[in-house]
Ligand code: HEM
């Protein structure tokens, strides 16, 4: 009578089952779809709209409530999805633990000679006959095997000699390495969720902060101060396609500057566990900024000016005076009327309007002219007479949007990635191979021919072993034939 | 000649190759088989030239905007893998390459009748969906080496999965004995749906007003068939589609007789189906999931944010992991795992196209 299993053993068996693994893999795959259709963590209206579209006005509110109960609006953090992941981790651990001792025995088991009839029954085998003595045949097979880096053992009985060898025993561990890396990733993710921080910080140009903010708006102290010197969007020449979003950030500790970096989208600033990513930007409402202009006269003397709307300036040594009269963040022409318009409210194509006058000119303002100088088109600042006004920036009106995160688990994730890469390589591209070779003298009397029977088995990729065995045989028979002909 | 011209010719050649492989399967003349291979190789060579020329174009575009970057970085940034169009083209290139390798290694041309349609359909999809073919400047989020390797390896992985899909369909055609078998019903419905969606998109494309092709999916997708404002047309579309699937189901079995008379064996198909997944899975794990996560971490500040593209990659990964375990650990064989291979490829198609076309998310990358 079969022994009755206790509750612990039954639970263990449940988690060690491979059926459960396949069911869980497919279940996770299917349920994950929900969260890609229902938009996660957005205001209710969006998803109610979606439900109305699919199920009609009547059913939508009820369905929405049911879905909220089921956690579908933040489903990857819902109790049931996390439970599935926990089950998955348990299954993976126990299933691997259950199998590991068996695999370990397979790895450690020394290879033994096979009886001839067992070799005959192997699916992968080859047979050749060579005209030579047993010892020469054995030598050459041995050489060929060693060239293929096999560590060969030898046994002989009254009917012949057997060579047997195996390699790649440890590649059987590849799958366990992969499984281990999956657990590591789950562990790293838990650590990140527990001890990490994911927030944001909007800094105006020139502004500084010692706090970052969580998604719900709570301040979290950084332990240092971060300042934004400037924010800038660069565009591809002649287009409004952004080429780079960038900010210059400075870190201060105890009032001293300790680090300065220009960040870009793929190049964040890291300091004391926090990472600051360029994630958005925008205009500060109603901000009064500072115009930064560089004026150069035709002798090449230049000067950088910091001005406000309405300020006047002069170009040194020329008698030309300018006054800032207008600003547009995005100056363009209306395609139908041809008039100048502002076509966007962010600084896509910033332009400053300047009223120029010549000093001492009796006609005053009437003799001057007003011109728009566009930052992205420096040629708009060329004045008659070879003088030049460049619009460098309208500073202090934009803010940079920083994503601030701290993830102490990310190193585990990276480590796990490397482990998984290695594990996958071993699991898919390496194998545990065994080869047996039996050599028997044939023919009458002392015999002048040897029958070589070679058989192999492998944990995967039989084709590759087949090719290797053929190669070994070829190499051995070739050298045997050479030696034979030399002897003659 | 410029890149686009070479590419058009190669597209044409791939269609001819597809037809020739199918003709070969139907009439079994060695001359036809040789022609099919020759045309495929010619198409492949031309596509390679088109790909390299396009690389040169986008390299120049990058350098003109960023004169100060190093040579290597400029070459990497110039890689023509920056939008959906370019990635589809690369996918086709990979799948044809993998197919040619298989043809030479296994010395069989029958599989061409299954693989080349996958390549040709992908190319047809490009034209039908009206996606932008411009050489576009690289937006900031895409300026990362991780992203480049991520895309490169993912697409080789996808192509390998595509080959396994073709082999699995061929396998199912070969081994199912009757129309009432579940596996037979499954493959005929799936292939039927794939073809119907493509044909429907073709009709959308033809009936689309000439000018704004930009927002094809939102404005035109299935609007001239299933989602037509006229109920008659919509109902008719459903009826025709169902009739088409029934037709495929009724006469698909004829393919079996055709295949049976070839040198290709079901073991060979099963092996190709598995081997492609065994190559695709590690590539997709490392290139798709891991490098994608590293890139996301460097660009967005989070290696995993459950956005639809990420989740669908995970789904695909889980499906193929399910396949591998079913086959190697649970010991499933034959039809059961071939069906899993088909389901896995549905995951691929959705990860690759469905998410970009239908679901919103962080991934600005690859929009039409
Ligand atoms: C998505 C998650 C998983 C991945 C990517 C994965 C990966 C792999 C791979 C690549 C193999 C080797 C297949 C081959 O021989 O080619 C394998 C084998 C195996 N897997 Fe998983 N696995 C996953 C989840 C699981 C889970 C949850 C279990 C737990 C039940 C499990 C149990 C096993 C077992 C028992 C083997 C066979 C080991 C042996 O006997 O050599 N796997 N796995």
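The values are calculated or read from the model by the stated rules, or taken from the named source; none is laboratory data. Not measured: the values here are computed from a predicted model. In this analysis, Cβ positions are derived from the backbone assuming ideal geometry, glycine residues included, and neighbour counts consider all displayed protein chains.
At-a-glance table
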quantity	calculated
Every residue from region A:195-212 that is surrounded by fewer than 16 Cβ atoms within 10 Å (Cβ to Cβ) and free of Cβ contacts under 8 Å to residues at least 40 places away in the same chain	A:210, A:211
Residue that is farthest from the other protein chains (Cβ to nearest Cβ), among those in region A:272-285 that are within 22 Å of residue B:146 (Cα to Cα) and surrounded by 15 or more Cβ atoms within 10 Å (Cβ to Cβ)	A:274
Answer residue from region B:282-309, given it is at the interface with chain A (Cβ under 7 Å from one of its Cβ atoms) and within 21 Å of the chain's Cα centre (by Cα) and is farthest from residue A:414 (Cα to Cα) among those	B:308
In region A:34-46, the residues that are surrounded by 15 or more Cβ atoms within 10 Å (Cβ to Cβ) and either within 12 Å of the ligand (Cβ to nearest atom) or more than 17 Å from residue A:85 (Cα to Cα) (or both)	A:36, A:38, A:39, A:40
Residues of region A:80-100 classified as away from the ligand (no atom under 15 Å from the Cβ) and more than 17 Å from residue A:32 (Cα to Cα), total	0
Qualifying residues in region A:185-194 (those that are within 16 Å of the ligand (Cβ to nearest atom) and surrounded by fewer than 19 Cβ atoms within 10 Å (Cβ to Cβ)) - the one farthest from residue A:85 (Cα to Cα)	A:187
Residue count for region A:101-134, restricted to those that are surrounded by fewer than 14 Cβ atoms within 10 Å (Cβ to Cβ), near the ligand (Cβ under 9 Å from one of its atoms) and in contact (Cβ under 8 Å) with a residue 12 or more places away in the chain	1
Sole residue being more than 11 Å from the ligand (Cβ to nearest atom), within 25 Å of residue B:328 (Cα to Cα) and surrounded by 15 or more Cβ atoms within 10 Å (Cβ to Cβ), chosen from A:31, A:52	A:31
Positions within region B:246-271 being within 16 Å of the ligand (Cβ to nearest atom) and touching a helix residue (DSSP H, G or I) at 6+ places or on another chain (Cβ under 7 Å), in sequence order	B:270
Residues that are more than 7 Å from chain B (Cβ to nearest Cβ), in contact (Cβ under 8 Å) with a residue 24 or more places away in the chain and within 15 Å of residue B:320 (Cα to Cα), drawn from region A:12-60	A:24, A:27
Boolean, residue A:401 is touching a helix residue (DSSP H, G or I) at 6+ places or on another chain (Cβ under 6 Å) and touching a residue at least 40 places away in the same chain (Cβ under 8 Å)	no
Number of positions in region B:86-108 that are at pLDDT 80 or above and over 12 Å from the mean Cα position of the chain (by Cα)	10
Residues of region B:315-350 classified as more than 7 Å from chain A (Cβ to nearest Cβ) and under 19 Å from the mean Cα position of the chain (by Cα), total	16
For residue A:161: the one exception among (1) crowded, with 16+ Cβ neighbours inside 10 Å; (2) more than 16 Å from the ligand (Cβ to nearest atom); (3) assigned by TED's automatic domain parsing to the domain that holds residue A:268	(3)
Exclusive hit being closer than 22 Å to residue A:181 by Cβ and more than 14 Å from chain B (Cβ to nearest Cβ), set A:7, A:107	A:107
Qualifying residue in region A:355-364 (condition: surrounded by fewer than 18 Cβ atoms within 10 Å (Cβ to Cβ), over 21 Å from residue A:299 (Cβ atoms), at pLDDT below 90 and under 39 Å from the mean Cα position of the chain (by Cα))	no
Residues of region A:213-270 that turn out to be surrounded by 17 or more Cβ atoms within 10 Å (Cβ to Cβ), assigned to a loop (DSSP other than H, G, I, E, B) and away from chain B (no Cβ under 14 Å), as a count	0
Count of region A:435-483 residues which are more than 16 Å from the ligand (Cβ to nearest atom) and either not assigned by TED's automatic domain parsing to the domain that holds residue A:151 or not in a helix (DSSP H, G or I) (or both)	22
So residue A:343, is it within 30 Å of residue A:319 (Cβ to Cβ), at pLDDT below 90 and surrounded by fewer than 17 Cβ atoms within 10 Å (Cβ to Cβ)	no
Residue in region B:35-49 that is touching a helix residue (DSSP H, G or I) at 6+ places or on another chain (Cβ under 6 Å), in the same structural domain as residue B:79 (by TED's automatic domain parsing), within 22 Å of residue B:256 (Cβ to Cβ) and surrounded by 20 or more Cβ atoms within 10 Å (Cβ to Cβ) present	yes
Per-region count, region A:410-425, residues without any contact (Cβ under 8 Å) to a residue 12 or more places away in the chain and within 7 Å of chain B (Cβ to nearest Cβ)	1
Residue match in region B:150-161 (condition: surrounded by 23 or more Cβ atoms within 10 Å (Cβ to Cβ), part of a loop (DSSP other than H, G, I, E, B) and assigned by TED's automatic domain parsing to the domain that holds residue B:268)	no
Cβ-Cβ under 6 Å pairs, at least 6 apart or on other chains, region B:124-148 side in the same structural domain as residue B:51 (by TED's automatic domain parsing), far side modelled with pLDDT under 70 and buried (at least 19 other Cβ atoms within 10 Å of the Cβ)	B:129/B:216; B:130/B:216
Filter pass, residue B:312 being out of contact with any helix residue (DSSP H, G or I) (no Cβ under 7 Å at 6 or more places or on another chain), touching a residue at least 40 places away in the same chain (Cβ under 8 Å) and within 8 Å of chain A (Cβ to nearest Cβ)	no
Selected residue (only one of A:23, A:68 is assigned by TED's automatic domain parsing to the domain that holds residue A:91 and away from the ligand (no atom under 16 Å from the Cβ))	A:68
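So that you can scan it fast, the table gives a plain yes or no per residue for (1) closer than 26 Å to residue B:343 by Cα; (2) out of contact with any helix residue (DSSP H, G or I) (no Cβ under 8 Å at 6 or more places or on another chain); (3) modelled with pLDDT under 85:
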residue: B:144; (1), (2), (3): no, no, yes
residue: B:153; (1), (2), (3): yes, no, no
residue: B:157; (1), (2), (3): yes, no, no
residue: B:162; (1), (2), (3): yes, no, no
residue: B:178; (1), (2), (3): yes, no, yes
